[in-house]
Amino acid sequence: MNDADIRPTRQTRQKDAVLRSLAQSGRSLAPAEILALARAEVPTLNLSTVYRQLRALHEEAQVVRVDLPGQPARFEAPCGHAHARGRAAHHHHHFHCIVCDRVFPIHACPGGIEKLAPAGFRIEQHELTLRGRCADCAESAGSAA
């Protein structure tokens, strides 16, 4: 399939609400989180419509699917961070909070990953997920002690 075969779907209030929810969140969201945020704009929105919009937006490269091991797919707006501009193959990593289950982007890469591969192996890509407590949950745990 080439670019001429991809026909963008029409822009709707539902699609706009999904896009704005992702853009304003600044992090990866589960479809249920997107639904909760997007309902502020479109109160009649339902989860099946959110999934349909996400599928279309992903096909049009307007959203990025984030797959973390053992987790359902989340989605985020394409990275607008300064290090991503002008790079078609940009990637970034994620922090997954073990308390609130939110996922945040990490705009850094440790580098030197190729040294971890066995001799003769060539790394094509990598994913890195840090797990722990986000700032909100770490603060709550600290004040509860």
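Where a number appears in this text, it was derived from the coordinates with a stated rule and is not lab data. Predicted, not measured: the structure shown is a model, and the values here were computed from it. Virtual Cβ from ideal backbone geometry, glycine too; neighbours counted across all protein chains shown.
Annotations for the structure displayed:
- Rounded to whole Hz, the Karplus (6.51, -1.76, 1.60) HN-Hα couplings of segment 94-105, x for glycine and proline: 9, 10, 10, 6, 7, 9, 8, 6, 7, 10, 10, x
- Near the amide H of VAL66, within less than 5 Å, lie the amide hydrogens of ARG74, PHE75, GLU76, all on another chain or at least 5 residues away, with H placed in the peptide plane.
- Of the peptides 52-60, 26-34, 39-47, the order by per-residue mean of other Cβ atoms within 10 Å, starting with the highest, comes out as 26-34, 52-60, 39-47.
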